[in-house]
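Reading through the structure tokens given below for one structure.
The values are calculated or read from the model by the stated rules, or taken from the named source; none is laboratory data. What you see is a predicted model, and the numbers here were worked out from it, not measured in a lab. Cβ placement follows ideal geometry from the backbone for every residue including glycine, while neighbour counts extend to all protein chains displayed.
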Amino acid sequence: MRTYRELFGVAEFRAVFGVQCLAIASASVGSLALGTITYAATGNAVWSGLAMFGGPLLRVIASWFLLSASDLLRPRQALLLVAAVTTVANGLQAIPGLPWGARFVVLALPWVVMSATGGSTLALVADILPEGSYVFGRATLNIAIGGMQIVGYGLGGVLLAALDASELFLVAAGASALAVLLVAVGIGDHPPRSTARAVVRRARTVNLALLRSPLVRPVYLAGWIPNGLVVGCESLFVPLAGSHAGYLYAATAAGMLVGDVVVGRFVPARIRDRLVEPLRFLLAAPYLLFLLRPALPVGLVLGFVASAGYAASLPLQDRLVRNTEQSIRGQVLGLNSTGMMAMQAIGALVAGLLTQSFGGGAAAAATAVGLVGCASLATTALLVPGLRRSRVLDAAARPAPVAAPSDT
């Protein structure tokens with residue numbers, strides 16, 4: 001499957017694509033609203049970064065116990081649950097004067113649910129598409145992510161000029177409510193990938209097997225740490241650019257979209273697999289120039305170019321699919337998403353702490369962006385040797401895939 005006509009000829013993939021578009025638009029508008037509210041109230045880059053990117057920290061804790069539900073729940077049920085809870089949470093965030101304690105509790109609700117269902121969407125894509133088409137399908141979903149982040153952050157930036165920040169949550173709630181409807185009418189009732197019942201024990205056992213595997217552990221780390229540090233750079237766009245932050249987020253989303261289209265659609269698999277390290281270097285290198293405090297137009301170009309490097313996640317996820325068994329695929333991909341988001345939150349925290357240690361403000365944020373970009377480059381270099389073990393594409397020479405332990 002190599003053309004978009006063939007891909008979108010799969011009716012359920014069209015529905016998944018639409019759900020993804022709505023979910024990302026909702027998340028982009030909602031996170032921009034919450035980050036803006038938090039920074040306006042506190043003037044603190046740490047709190048605004050955690051408000052926008054901190055939810056995955058809770059998700060990674062909860063997923064240690066609940067992630068196997070990605071393979072034990074019916075995919076349609078899992079997607080409905082996430083969209084419904086997100087709708088309710090966004091509606092509650094729109095309540096004027098909501099106390100900060102309650103606001104952060106509400107923020108946590110969707111992330112707890114996603115900790116149990118995080119791999120459902122990606123595993124469903126792998127199930128409904130022909131063998132060998134996962135990367136193309138995943139790249140196309142990344143187009144939805146990039147495109148709707150552009151729309152979400154751009155629309156959010158425009159609406160902030162006309163609406164109170166808390167009112168943006170109503171826009172986010174409307175998008176996630178439409179996602180509920182689309183799941184209900186567009187996704188079939190697929191059976192769960194596993195019939196095991198010990199959710200907590202299975203989740204912990206499979207997670208340990210994956211993280212101890214010398215084959216897939218470096219793949220996870222390469223997808224998590226360099227990515228997360230660069231998202232830490234992006235978390236400083238609000239203190240760096242103020243009311244213009246939405247344009248920076250839109251530029252980075254556009255760069256990610258272009259990178260995913262080129263790498264996922266036009267680059268052959270064997271070449272794509274060898275682009276992991278170069279793309280990871282591209283992801284971080286432009287942020288070093290923020291040490292020079294570039295003007296906004298230059299920053300937009302740097303963010304666009306850097307974000308093309310996010311396309312490295314495509315060959316990395318393909319390695320995860322190739323090197324694990326189908327019965328744990330939901331948990332495999334869910335753990336990848338959870339770890340990636342957790343590292344994004346940690347990156348935001350580290351970047352925010354650096355900014356505050358330099359005195360806060362735009363100049364301090366620019367310095368922190370450059371230093372965190374350096375850390376991402378160094379991490380990519382350190383992970384190169386471990387990635388060689390998972391690079392083999394020849395099925396005859398490929399190591400045995402990681403499987404669920406027999407007692408789960």
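Before moving on, here are some points about what is shown:
- Only one entry in S166, S235, S194, S176 is of a type in the set (S, T, Y) and at pLDDT below 75, namely S194.
- Within the set L300, L248, L282, the sole residue that is in contact with an Asp or Glu (Cβ under 8 Å, 6 or more places away or on another chain), buried (at least 18 other Cβ atoms within 10 Å of the Cβ) and either aliphatic (A, V, I, L, M) or in a helix (DSSP H, G or I) (or both) turns out to be L248.
- Among the residues here, V135 qualifies as crowded, with 19+ Cβ neighbours inside 10 Å, touching a residue at least 40 places away in the same chain (Cβ under 8 Å), under 30 Å from L382 (Cβ atoms) and among the β-branched types (V, I, T).
- Selection count where residues are surrounded by fewer than 24 Cβ atoms within 10 Å (Cβ to Cβ), under 30 Å from D164 (Cβ atoms) and aliphatic (A, V, I, L, M), scope region 95-132: 10
- L155, sole failed condition from (1) at pLDDT 75 or above; (2) part of a loop (DSSP other than H, G, I, E, B); (3) under 30 Å from H244 (Cβ atoms); (4) not β-branched (V, I, T): (2)
- Taking the criterion of being assigned to a helix (DSSP H, G or I) and either surrounded by fewer than 18 Cβ atoms within 10 Å (Cβ to Cβ) or without any contact (Cβ under 8 Å) to a residue 12 or more places away in the chain (or both), the residues of region 179-193 that qualify are L181, A184, V185.
- Single condition P75 does not satisfy, out of (1) under 30 Å from A123 (Cβ atoms); (2) surrounded by 19 or more Cβ atoms within 10 Å (Cβ to Cβ); (3) out of contact with any His (no Cβ under 7 Å at 6 or more places or on another chain): (3)
- In region 369-385, the condition of being out of contact with any Asp or Glu (no Cβ under 9 Å at 6 or more places or on another chain), assigned to a helix (DSSP H, G or I), over 30 Å from V238 (Cα atoms) and at pLDDT 85 or above is met by at least one residue.
- Residue in region 347-354 that is over 29 Å from I61 (Cβ atoms), over 17 Å from the mean Cα position of the chain (by Cα), part of a helix (DSSP H, G or I) and touching a residue at least 24 places away in the same chain (Cβ under 8 Å) present: no
- For region 66-94, filtering for residues that are over 30 Å from E167 (Cα atoms) and within 20 Å of the chain's Cα centre (by Cα) leaves 7.
Matching residues to (1) touching a helix residue (DSSP H, G or I) at 6+ places or on another chain (Cβ under 9 Å); (2) modelled with pLDDT under 80; (3) assigned to a helix (DSSP H, G or I):
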position	(1), (2), (3)
R5	no, no, yes
F17	yes, no, yes
Y39	yes, yes, yes
W64	yes, yes, yes
L80	yes, no, yes
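- When I225, I271 are checked against the criterion of being β-branched (V, I, T), at pLDDT 90 or above and under 15 Å from the mean Cα position of the chain (by Cα), a single residue qualifies: I225.
- For region 225-245, the set of residues classified as surrounded by 24 or more Cβ atoms within 10 Å (Cβ to Cβ), in a helix (DSSP H, G or I) and not β-branched (V, I, T) consists of P226, N227, G228, L229, G232, C233, E234, F237, P239, L240, A245, listed by residue number.
- Conditions (1) surrounded by 23 or more Cβ atoms within 10 Å (Cβ to Cβ); (2) under 24 Å from F237 (Cα atoms): number failed by A175: (2)
- Number of the exception - S31 against (1) among the polar types (S, T, N, Q); (2) touching a Phe, Trp or Tyr at 6+ places or on another chain (Cβ under 9 Å); (3) in contact (Cβ under 8 Å) with a residue 40 or more places away in the chain; (4) under 25 Å from L141 (Cα atoms): (3)
- Condition met for R217 (farther than 23 Å from S243 by Cα, basic (K, R), in contact with a helix residue (DSSP H, G or I) (Cβ under 7 Å, 6 or more places away or on another chain) and at pLDDT below 90): no
- Pairs where the first residue, in region 57-70, is touching a residue at least 24 places away in the same chain (Cβ under 8 Å) and under 21 Å from L124 (Cα atoms) and the second is among the aromatic types (F, W, Y) and part of a helix (DSSP H, G or I), C-beta under 6 Å, 6+ apart: R59/W111
Residues checked against (1) at pLDDT below 85; (2) surrounded by 24 or more Cβ atoms within 10 Å (Cβ to Cβ):
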site	(1), (2)
N323	no, no
S327	yes, no
G334	yes, yes
T338	yes, yes
A342	yes, no
A345	yes, yes
A348	no, yes
L354	no, no
G359	no, no
